[in-house]
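Before any comments, here is the structure.
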Amino acid sequence: EAVRAIGETPVLEFKLLKEGVTPPGDSQEVTDDLFEATGLTGRFLNRAQLEFGTAAGQVINEPVVRLEFSSEGAQLFAKITRENVGRVLAIFLDGELVSAPVIREEIPSGTAIISGSFTPEEAKLLVRNLNFGALPVPIELVSTQTIGASLGEAALNQGLDAGLIGILLV
């Protein structure tokens, strides 16, 4: 599972729904021509984290995902949110739509909250994928090694031998 997860470094992108386009529904296919690039990508994301408790100043009992952008990302995010209030800012991982929130107001702080009807497991997976997507380059597996239990047994035997020799010398 670890090897599989390493090979799945997603590309994180934030895209605006084009003006005049109806947001895609559950049954409608999401195509790239519905959205326009913003230049905001995973390289500007410092981290994503799972939280419980508050979103938009309200106490809630469901998981939320907090995004924290770098200083350069915060400036770009503030510009995007300031100029596009009322528009959909979609989050894509590897070209797949993850979330499509509506920008309600400018977010100058560089910290955003994604809330919705997530289960804790879904939110945890989203956080993991967002953090993987924040990596500046894809991860690739170079090699793997398997170490068996015999290595520990050999070290124990060598330690006992060394201890016995040390006692005899003393």
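The values are calculated or read from the model by the stated rules, or taken from the named source; none is laboratory data. Since this is a predicted model, take the numbers as computed values, not measurements. Quick reminder, even Gly has a Cβ in these numbers, built from the backbone with ideal geometry, and neighbours come from all protein chains shown. For accessibility, only protein heavy atoms count, side chains too; no ligands or nucleic acids. Shrake-Rupley method; radii C 1.70, N 1.55, O 1.52, S 1.80 Å.
Details
- Residue count for segment 100-115, restricted to those that are more than 16 Å from residue 45 (Cα to Cα), open to solvent by 20 Å² or more (accessible area, probe 1.4 Å) and under 22 Å from the mean Cα position of the chain (by Cα): 4.
- Among the residues of segment 144-160, not a single one is within 20 Å of residue 65 (Cα to Cα), at pLDDT 85 or above and not polar (S, T, N, Q).
- One residue stands out among those in segment 5-31 that are at pLDDT below 65 and farther than 18 Å from residue 130 by Cβ: the one that is most open to solvent (accessible area, probe 1.4 Å), which is 26.
- Segment 75-99: number of residues that are touching a residue at least 60 places away in the same chain (Cβ under 8 Å), aliphatic (A, V, I, L, M) and either out of contact with any Leu (no Cβ under 7 Å at 6 or more places or on another chain) or exposed (fewer than 15 other Cβ atoms within 10 Å of the Cβ) (or both): 2
- Filter result (at pLDDT below 85 and of a type in the set (S, T, N, Q)) within segment 56-79: 58, 61
- In segment 32-55, residue modelled with the highest pLDDT [restricted to those that are surrounded by 10 or more Cβ atoms within 10 Å (Cβ to Cβ) and not in a strand (DSSP E or B)]: 44
- Checking residue 82 against (1) closer than 19 Å to residue 48 by Cβ; (2) at pLDDT 85 or above; (3) out of contact with any Phe, Trp or Tyr (no Cβ under 7 Å at 6 or more places or on another chain), the condition it does not meet: (1)
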